[in-house]
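Have a look at the structure below before the remarks.
None of the figures in this text is laboratory data; all of them are computed from the coordinates on show. Computed from a prediction, not measured in an experiment: that's the story for all the values here. FYI the Cβ positions are ideal-geometry reconstructions off the backbone, even for glycines, and counts take in every protein chain you see.
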Amino acid sequence: MRGGAGGSLVADAEALARGAAAVLEGFYGKLRRADATAKGARRDLVSEADFASQEHLLEHIPAADDVLSEEGASRSTGAARTWVIDPLDGTINFLHAMPNWCVSIGVVETGALAAAAVVAPELRQVYTAAAGKGAFCNGERVFVSKTGDIGDSILATGLAYRRNELPDHNLDNITTLGFACADLRRMGAAAIDLCYVASGRIDGFWELHLNAWDVAAGILLVREAGGRVTDFRGSDKLEGLLRGNHLVASNGLVHEQIRSRLAPLRAL
């Protein structure tokens with residue numbers, strides 16, 4: 001890998017994500033829910049495919065760089081560059097042969113997002129971004145939507161695996177925003193939700209109980225496409241957003257219309 005800045009770094013991230021997606025395609029349609037195991041919560045599943053994709057990524061990420069990965073293979077040495085990877089976002093979709101799944105890679109350098117790549121092979125979509133250079137889908141520049149009224153907006157959200165145990169379960173927000181917006185979507189993969197905000201397919205997205213690997217790539221994509229990303233309280237600080245506890249992403253125009261309707265946080 002070249003591992004350089006800017007364009008070469010995003011090219012490396014894209015190549016890594018494409019390679020991992022090719023590994024996953026070898027499992028797609030062959031694994032089912034019964035082939036997976038629960039990581040803790042009954043609904044939070046991991047499969048042989050997740051680990052195979054992660055192994056491919058770890059084999060190709062430079063040994064000098066740090067890694068933060070969903071499936072527990074992280075390394076932290078204090079390096080200036082960290083690869084934040086989700087080897088398979090949308091595992092449940094994947095296990096049910098539904099196409100909304102992807103490989104997501106965000107690269108953080110000296111505390112700032114530098115590059116992003118999200119490859120969704122069954123959707124035939126590859127999203128990339130480099131800091132200061134815009135966001136792209138399949139090589140074409142993309143921008144957030146221009147919808148200015150929440151009543152005309154298509155929004156997306158998700159639900160935590162342990163929602164029946166958590167005070168901040170999001171079901172109240174779904175009811176409130178479901179009445180306020182034109183329609184709601186539930187993709188089952190936060191990285192794809194964020195890509196859809198970046199490309200103007202949807203106007204906004206919110207979710208709770210995410211992790212850095214769910215959102216790192218998507219945050220950069222939305223911002224480079226002209227959108228806005230904050231937590232529920234309105235902070236746009238990256239350190240807090242990468243904790244993933246609560247996030248709102250939008251075209252910017254409907255951001256406060258979404259955020260102002262969210263239920264007060266109870267335990268986050």
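What to note about this one:
- Share of pairwise Cα-Cα distances greater than 14 Å in the range 80-151 is 67 percent (whole percent).
- Counting lysine pairs in the chain whose alpha carbons fall under 30 angstrom apart, excluding pairs fewer than 8 residues apart on the same chain, gives 5.
- Listed residues PHE27, ALA156, ASN245: farthest to the positive end of the dipole of the chain (Cβ charges): ALA156
- Distances between placed amide hydrogens fall under 5 Å for HIS209 paired with HIS246, all partners being 5 or more residues away or on another chain.
- Cα-based convex hull volume of the chain per residue, rounded to whole Å³: 114 Å³
- In this simple spin-label approximation, ALA15 and GLU109 carry label points 7 Å from Cα along the Cα→Cβ vector, and these lie 1.6 nm apart.
- HN-Hα J in Hz across the range 109-123 - Karplus 6.51, -1.76, 1.60, θ = phi - 60°, x for Gly and Pro: 10, 6, x, 10, 6, 10, 7, 8, 8, 10, 10, 10, x, 6, 8
- Estimated [θ] at 222 nm from DSSP helical runs (n ≥ 4, -39500 (n - 2.57)) normalised by residues in the chain, nearest 500: -8500 deg cm²/dmol
- In units of the rule-of-thumb radius 2.2 N^0.38 Å, the range 70-228 shows an alpha carbon radius of gyration of 1.04.
- Calculated from the alpha-carbon coordinates, the range 166-258 shows an Rg and a Dmax of 12.0, 33 Å respectively.
- Annotation: amide H-H contacts under 5 Å for VAL142 (H modelled 1.01 Å from N, sequence separation of 5 or more, or interchain): ALA135, PHE136, CYS137.
- In Hz, Karplus ³J(HN,Hα) per residue of the range 225-234 (6.51, -1.76, 1.60; θ = phi - 60°; x = Gly, Pro): 8, x, x, 10, 9, 9, 8, 4, 8, x
- Note on the chain: with charges restricted to the Cβ of Lys and Arg (+1) and Asp and Glu (-1), its dipole about the Cα centre is near 360 debye.
- Electrostatic dipole magnitude of the range 58-135 [Cβ: Lys, Arg +1; Asp, Glu -1; Cα centre; debye, to 20]: 240 debye
- Spin-label model distance (nm) - ARG185 vs SER76, 7 Å beyond Cα toward Cβ: 3.4 nm
- Label-point separation in nm, GLU55 to LEU123, each point 7 Å along Cα→Cβ: 2.8 nm
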